[in-house]
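> One structure is given below, represented as structure tokens, and several questions about it will come after.
The values are calculated or read from the model by the stated rules, or taken from the named source; none is laboratory data. This structure is a prediction, so every number in the text was calculated from the model and none was measured. Note that we place each Cβ from the backbone using ideal geometry, even for glycine, and neighbour counts take in every protein chain shown. Surface accessibility is based on the protein's heavy atoms, side chains included, excluding ligands, DNA and RNA. Shrake-Rupley method; radii C 1.70, N 1.55, O 1.52, S 1.80 Å.
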Amino acid sequence: MSMALPANPVLPPMPSADPMVPHIARVRSVRQDLADVFTLEIALESGEVAPFAPGQFNMLQIFGVGEVPISFSGDPAEQDHLIHTIRAVGPVSKALTELGPGDALGLRGPFGVGWPMAEAAGQDVVIITGGLGLAPLRPALYQLLAERERYGLIVLLYGTRSPEQILYRDELEEWRRRLDMDIVITVDHADTDWRGHVGVVPALIPHATFDPLHSIALVCGPEIMMRYSIMALLDAGLKEDNIWLSMERNMKCAVGFCGHCQVGPVFVCKDGPVFRYDRIRQLLTLKEF
Amino acid sequence: MEGLERIVGEHRFFAGLDQEFIDLVTGCCKNVRFEAGQFLLREGEAANQIYLIRHGRVALQISDPARGEIVFQTLGEGEVVGVSWLIPPYRWSHEAKALELVRAISIDAQCLRNKSEVDNRFGYEMMKRFVPVLVERLHTTRMQILDVYGTPS
Amino acid sequence: MQAFEKIALTTDGLQALIDALRNEGYRVIGPSVKDQAIIYDDVETLADLPEGWADEQQPGHYRLKRRNDSALFGYAVGPHSWKRFLHPPLMPMWTAKRDGDAIKVEPGPACEEKFAFIGVRACELNAIAIQDKVFLAGPYVDPHYRSRRENSFLVAVNCAEAGGTCFCASMNTGPKAEAGFDLALTEILENGTHIFVVEAGTDAGRKMLEALPGRPATGEEVTAAEDIVARTAKSMGREMPAGNVRDLLMNNLEHPRWDEVAERCLSCANCTMVCPTCFCTSVEDASDLTGNETSRNRRWDSCFTMDFSYVHGGSVRPSTRSRYRQWMTHKLATWHDQFDTSGCVGCGRCITWCPVGIDITEEVRAIKDSGGE
């Protein structure tokens, strides 16, 4: 009796949709945050609900121009629309910031590993961010505040170049009035109208109030700021497995096929963009890797 | 003077300092206060005083004809205002202004330098405390000049 | 027919195989001489195959030369690999058509072809298995690769000679075709006879074999086939140094050898084009003049290009040194972390097709011998 020989190869099920083909989304509203930064509220044309986790991102497509990865920056509890804050730095992002209500764009997502909200339960949460880094962390803040009782102290340390560059300023000032979270904002330099801190984010960490033995840190911003902040967090007593950061690299596909976003062994698109610090510590110090 | 000695001895800047050195440094100290808007030091003046902030916030700034007063760092409780007294020509390179009511320990820089010359062990204890302030300022300044939040051109 | 029973086919039998595959609707691809190289192209008759041709390969050197026999598979590998069919160099992904205010996105055409590959080397079977991991085993599945792969029929050929740059034995990827084929042939030319000893690797392969005009291979023929492969295994001209290459490279990321190879490397990307496991791609967006019809193509890309790692106003890897290091450490080191296997199958193509003859095994040896661990 002959033996059955293996089928060749063992195939996973055919995906129901090609992850590289975009859906159509429409702009509902546009808000200008800074000179070159705009926040878009968009929704899928099909009306489909698109749940996401804080820290994830979408690929936004301007047809005929290109596609860029943009983090979600809205409230994860609001699933009927998507909020994205975009800085105009290249042809695609510039075109995105020039869209108006009713305009169409392509959308693929959600992609990526998000912030460790489950791990944060019961811990003090220290959020360290700078510049546009606040945008990918805002969904985490919304969730933390929506279920406030699940977490310990919440501290937000935020730095920008100057007071004019503070993102989401109205919202920050509103949050600052709360009694159950600390917000400290610092700027690189200011004129004397500014009554707040002038200096760098890492310098705020030794003065912030949190229990380093029961804290989790979420870090997002320019890489230099993140590295120095992480050193200050470690000096303050946090451990490497309690610090999480969001990385950024060139992305063409967001699904781990194009190879562009690799940093050593990790693909930022599917192994990240949020990484636990101990996993990528060596990668952060390697130059040109 | 007794009250001042206690204040100096309890300030965290002098934590771990032997009592004989606390006595020495107290001899150079006095208690000062600045109202909001008052200057602690001005650019170009002789760097004669060091201020250890006990309470309140101070802005370090530089004036520019076109841009006005530019604040490049703010300091608060426990921090040191004034580092140019460490090296000749002992002259302030910028200004420091009280942002609110500020209470501080003012240390006579000449007095401190003289006592350090006479007793080098005392001098070394002072250096161990003041040099880290310089290093931290340097690190902070480096991050600032890198303009990490700026859009790359 | 018993399982694992080996069949002997004549050259007529091989033609019958090609015909049967074509009759079943396969597009049969096999080796062919074109532009002074043996490449993979459509094959209809045995005359399309490189009869009597061998390839002379050394670092930076490839020439065809005449054999003194009529072997149909008497070469090693050429600049093509099967990835050009399973993972095409250029592929339309979608078009978006604007009609007034409405936009409709249409996915690109599904692949209608089913491929039959004739002449898949053991190293290439491993390369295909590696790309299976990349495109099928992760959190996302590439539907294009999957449909091409699902419908493919692989006829492997065991190597009768080690190529000039081959090192499959030291990579445990050959020269014997062990798994992943529907049929595997060993070509035997002896005493005026020209036969192929064939074994089936899958039910599909066995079914195909049953319909061909073959006869059970004799014990001598089976032994002769085994000897051929054993001889090939012993005659490799180079080898990847033994030991943990992954750790060796990751522990020596600032080794001076990277500066040395950077002085030779032209960053031309040939190695990534010919490598059967390199899979990186990029996307190209195009628009017609009115802007009403836009489209996106996927095309092969290479980590050797300057803008491969472009982010925020600069490239993460602006130097040739960093890009060469990226390619080699990915291929031999971090590939293990990502896919649980080496990325290299020892086919030697990168060595042959490098214009300056950089040899990946020599680079590893240089780091290892200079005290790297």
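> For the range C:291-311, state whether one or more residues are small (Gly, Ala, Ser) and over 26 Å from the mean Cα position of the chain (by Cα).
First pass over the range C:291-311, keeping only residues small (Gly, Ala, Ser): C:291, C:295, C:302, C:309.
Subsequent filtering for residues that are over 26 Å from the mean Cα position of the chain (by Cα) retains C:291, C:295.
Yes; the residues of the range C:291-311 include at least one that is small (Gly, Ala, Ser) and over 26 Å from the mean Cα position of the chain (by Cα).
> Which members of the range A:117-130 meet the condition of being open to solvent by less than 10 Å² (accessible area, probe 1.4 Å) and either more than 18 Å from A:PHE52 (Cβ to Cβ) or not in a helix (DSSP H, G or I) (or both)? Please lay out each step first, then the result.
Initially, the range A:117-130 is screened for residues open to solvent by less than 10 Å² (accessible area, probe 1.4 Å), giving A:120, A:125-130.
Listed by number, the residues that qualify are A:VAL125, A:VAL126, A:ILE127, A:ILE128, A:THR129, A:GLY130.
> Right, next: Could you list, in sequence order, the residues of the range C:61-95 that are among the aliphatic types (A, V, I, L, M) and more than 26 Å from C:PHE196 (Cα to Cα)? Quick ask: steps written out before the conclusion?
The initial filter retains those residues of the range C:61-95 that are among the aliphatic types (A, V, I, L, M), namely C:64, C:71-72, C:76-77, C:86, C:90-91, C:93.
Listed by number, the residues that qualify are C:LEU86, C:LEU90, C:MET91, C:MET93.
> Specify the residue that is nearest to C:GLY214 (Cα to Cα); the eligible residues are those in the range C:164-185 that are among the hydroxyl-bearing types (Ser, Thr, Tyr) and buried (at least 24 other Cβ atoms within 10 Å of the Cβ). Break it down into steps so the answer makes sense when it comes.
Taking the range C:164-185 first, the residues among the hydroxyl-bearing types (Ser, Thr, Tyr) are C:165, C:170, C:173.
Cutting the leftovers down to buried (at least 24 other Cβ atoms within 10 Å of the Cβ) gives us C:165, C:173.
On the way: C:THR165: 35, C:THR173: 29 Å.
Filtering the range C:164-185 for residues that are among the hydroxyl-bearing types (Ser, Thr, Tyr) and buried (at least 24 other Cβ atoms within 10 Å of the Cβ), the one nearest to C:GLY214 (Cα to Cα) comes out as C:THR173.
> Output the residue which, of all residues in the range C:91-108 that are open to solvent by 20 Å² or more (accessible area, probe 1.4 Å) and of a type in the set (A, V, I, L, M), is modelled with the highest pLDDT.
C:VAL105
> Quick one: would you say C:ILE188 is within 8 Å of chain A (Cβ to nearest Cβ), open to solvent by less than 20 Å² (accessible area, probe 1.4 Å) and part of a strand (DSSP E or B)? Reasoning before the result, please.
Details: within 8 Å of chain A (Cβ to nearest Cβ): no; open to solvent by less than 20 Å² (accessible area, probe 1.4 Å): yes; part of a strand (DSSP E or B): yes.
Answer is no for this residue.
> I've got another one for you. Can you find, within the range A:119-144, the residue that is nearest to A:THR39 (Cα to Cα) among those that are within 17 Å of the chain's Cα centre (by Cα) and free of Cβ contacts under 8 Å to residues at least 40 places away in the same chain?
Checking each candidate, the answer is A:LEU141.
> Moving to a separate point now. Can you name every residue in the range A:164-188 that is within 11 Å of another protein chain (Cβ to nearest Cβ) and either modelled with pLDDT under 95 or part of a helix (DSSP H, G or I) (or both)?
Selection gives A:GLN165 alone.
> Would you be able to tell me the number of residues in the range A:22-57 that are in contact with an Asp or Glu (Cβ under 7 Å, 6 or more places away or on another chain) and either within 14 Å of chain C (Cβ to nearest Cβ) or open to solvent by 20 Å² or more (accessible area, probe 1.4 Å) (or both)?
7
> So which strands (runs of 3 or more DSSP E) stay within the range B:64-153 end to end and still have 2 or more residues that are away from every other protein chain (no Cβ under 11 Å) and buried (at least 17 other Cβ atoms within 10 Å of the Cβ)? Reasoning before the result, please.
Details: elements: B:68-75, B:95-98, B:102-108.
Where strands (runs of 3 or more DSSP E) fall fully within the range B:64-153 and carry at least 2 residues being away from every other protein chain (no Cβ under 11 Å) and buried (at least 17 other Cβ atoms within 10 Å of the Cβ), they are B:95-98, B:102-108.
A quick yes/no check of all residues on (1) over 30 Å from A:VAL89 (Cβ atoms); (2) open to solvent by 50 Å² or more (accessible area, probe 1.4 Å):
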position	(1), (2)
C:ASN244	yes, yes
C:LEU248	yes, no
C:HIS255	yes, no
C:VAL261	yes, no
C:PRO276	yes, no
C:GLU284	no, yes
C:ASP301	no, no
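> When you look at A:LEU60, is it free of Cβ contacts under 8 Å to residues at least 60 places away in the same chain, open to solvent by less than 10 Å² (accessible area, probe 1.4 Å), in a strand (DSSP E or B) and more than 30 Å from A:ASN242 (Cβ to Cβ), yes or no?
On the way: free of Cβ contacts under 8 Å to residues at least 60 places away in the same chain: yes; open to solvent by less than 10 Å² (accessible area, probe 1.4 Å): yes; in a strand (DSSP E or B): yes; more than 30 Å from A:ASN242 (Cβ to Cβ): yes.
Considered against the rule, which asks whether it is free of Cβ contacts under 8 Å to residues at least 60 places away in the same chain, open to solvent by less than 10 Å² (accessible area, probe 1.4 Å), in a strand (DSSP E or B) and more than 30 Å from A:ASN242 (Cβ to Cβ), A:LEU60 comes out as yes.
> For the range A:72-101, give me each residue that is assigned to a loop (DSSP other than H, G, I, E, B), charged (D, E, K, R) and crowded, with 17+ Cβ neighbours inside 10 Å. Outline the logic, then answer.
Taking the range A:72-101 and keeping what is assigned to a loop (DSSP other than H, G, I, E, B), we get A:72-81, A:88-90, A:98-101.
Now drop any that are not charged (D, E, K, R), which leaves A:75, A:78, A:80, A:98.
Of everything in the range A:72-101, just one residue is assigned to a loop (DSSP other than H, G, I, E, B), charged (D, E, K, R) and crowded, with 17+ Cβ neighbours inside 10 Å, namely A:ASP75.
> Condition first: closer than 9 Å to B:GLU95 by Cα and of a type in the set (Val, Ile, Thr). Can you find one or more residues in the range B:45-64 that meet it? Break it down stepwise before answering.
Within the range B:45-64, the subset closer than 9 Å to B:GLU95 by Cα is B:59-63.
From what is left, the residues that are of a type in the set (Val, Ile, Thr) are B:62.
Looking through the range B:45-64, at least one residue is closer than 9 Å to B:GLU95 by Cα and of a type in the set (Val, Ile, Thr).
> In addition: What residue, among those in the range A:69-92 that are within 11 Å of chain C (Cβ to nearest Cβ) and within 20 Å of the chain's Cα centre (by Cα), is farthest from A:ALA35 (Cα to Cα)? Break it down into steps so the answer makes sense when it comes.
Keep residues of the range A:69-92 that are within 11 Å of chain C (Cβ to nearest Cβ), which gives A:69, A:87, A:89-92.
Now narrow it down to the ones that are within 20 Å of the chain's Cα centre (by Cα): A:69, A:87, A:89-90, A:92.
Working: A:PRO69: 21, A:ARG87: 9, A:VAL89: 12, A:GLY90: 15, A:VAL92: 17 Å.
The extreme case among them is A:PRO69.
> I need the full set of residues from the range A:264-274 which are more than 18 Å from C:TYR145 (Cβ to Cβ) and out of contact with any strand residue (DSSP E or B) (no Cβ under 9 Å at 6 or more places or on another chain), in order please. Write out each step before concluding.
Initial filter on the range A:264-274 (more than 18 Å from C:TYR145 (Cβ to Cβ)): A:264-266, A:268, A:271-274.
Hits for the range A:264-274 are A:GLY264, A:PRO265.
> Scanning the range C:121-130 for residues that are under 15 Å from C:HIS87 (Cβ atoms) and crowded, with 24+ Cβ neighbours inside 10 Å, which turns out nearest to the other protein chains (Cβ to nearest Cβ)?
C:ILE128
> Can you tell me how many residues in the range A:20-49 are closer than 22 Å to A:LEU134 by Cβ, of a type in the set (A, V, I, L, M) and not in a strand (DSSP E or B)?
Residues that pass the stated criteria total 1.
> Buried (at least 16 other Cβ atoms within 10 Å of the Cβ), in a loop (DSSP other than H, G, I, E, B) and in contact (Cβ under 8 Å) with a residue 24 or more places away in the chain - does that describe any residue in the range C:26-36?
Checking the range C:26-36: not a single residue is buried (at least 16 other Cβ atoms within 10 Å of the Cβ), in a loop (DSSP other than H, G, I, E, B) and in contact (Cβ under 8 Å) with a residue 24 or more places away in the chain.
> Quickly run through the range A:236-282 and pick out the residues that are within 13 Å of another protein chain (Cβ to nearest Cβ), out of contact with any His (no Cβ under 8 Å at 6 or more places or on another chain) and polar (S, T, N, Q).
A:GLN282
> Let me ask something else. Contact list please: Cβ distance under 9 Å, first residue in the range C:291-307 and within 10 Å of chain A (Cβ to nearest Cβ) and over 16 Å from C:ASN270 (Cβ atoms), second residue of a type in the set (Asp, Glu) and open to solvent by 50 Å² or more (accessible area, probe 1.4 Å), pairs at least six apart or on different chains.
C:ASN292/C:ASP99; C:THR294/C:ASP288; C:SER295/C:GLU284; C:SER295/C:ASP288; C:ARG296/C:GLU284; C:ARG298/C:GLU284
> Please find, within the range C:93-107, the residue that is farthest from C:THR232 (Cα to Cα) out of those that are within 11 Å of chain A (Cβ to nearest Cβ) and in contact (Cβ under 8 Å) with a residue 24 or more places away in the chain.
The selected residue is C:ARG98.
> Quick check on this structure: which one of A:GLY131, A:GLY159, A:GLY114, A:GLY106 is within 14 Å of chain B (Cβ to nearest Cβ), within 30 Å of A:GLN262 (Cβ to Cβ) and in contact with a Pro (Cβ under 7 Å, 6 or more places away or on another chain)? Please lay out each step first, then the result.
On the way: A:GLY159 fails: in contact with a Pro (Cβ under 7 Å, 6 or more places away or on another chain); A:GLY114 fails: within 14 Å of chain B (Cβ to nearest Cβ); A:GLY106 fails: within 14 Å of chain B (Cβ to nearest Cβ).
Going through A:GLY131, A:GLY159, A:GLY114, A:GLY106 in turn, the sole match is A:GLY131.
> Quick one: in the range A:198-211, of everything that is within 25 Å of A:ARG148 (Cβ to Cβ) and in contact with a Gly (Cβ under 9 Å, 6 or more places away or on another chain), which residue is modelled with the lowest pLDDT?
Checking each candidate, the answer is A:HIS207.
> Moving on. Could you tell me which of the residues C:TYR140, C:TYR145 is facing another protein chain (nearest Cβ under 10 Å) and open to solvent by 10 Å² or more (accessible area, probe 1.4 Å)? Give the derivation first.
Values: C:TYR145 fails: open to solvent by 10 Å² or more (accessible area, probe 1.4 Å).
Just one listed residue meets the conditions, C:TYR140.
> Condition test on A:GLU223, is it in contact (Cβ under 8 Å) with a residue 40 or more places away in the chain and within 17 Å of the chain's Cα centre (by Cα)?
Working: in contact (Cβ under 8 Å) with a residue 40 or more places away in the chain: yes; within 17 Å of the chain's Cα centre (by Cα): yes.
Spelling it out, A:GLU223 is indeed in contact (Cβ under 8 Å) with a residue 40 or more places away in the chain and within 17 Å of the chain's Cα centre (by Cα).
Residue-by-condition table, conditions (1) more than 14 Å from chain C (Cβ to nearest Cβ); (2) surrounded by fewer than 22 Cβ atoms within 10 Å (Cβ to Cβ):
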| position | (1), (2) |
| --- | --- |
| A:LEU213 | yes, yes |
| A:GLY221 | no, no |
| A:ARG227 | yes, yes |
| A:ILE230 | yes, no |
| A:LEU284 | no, yes |
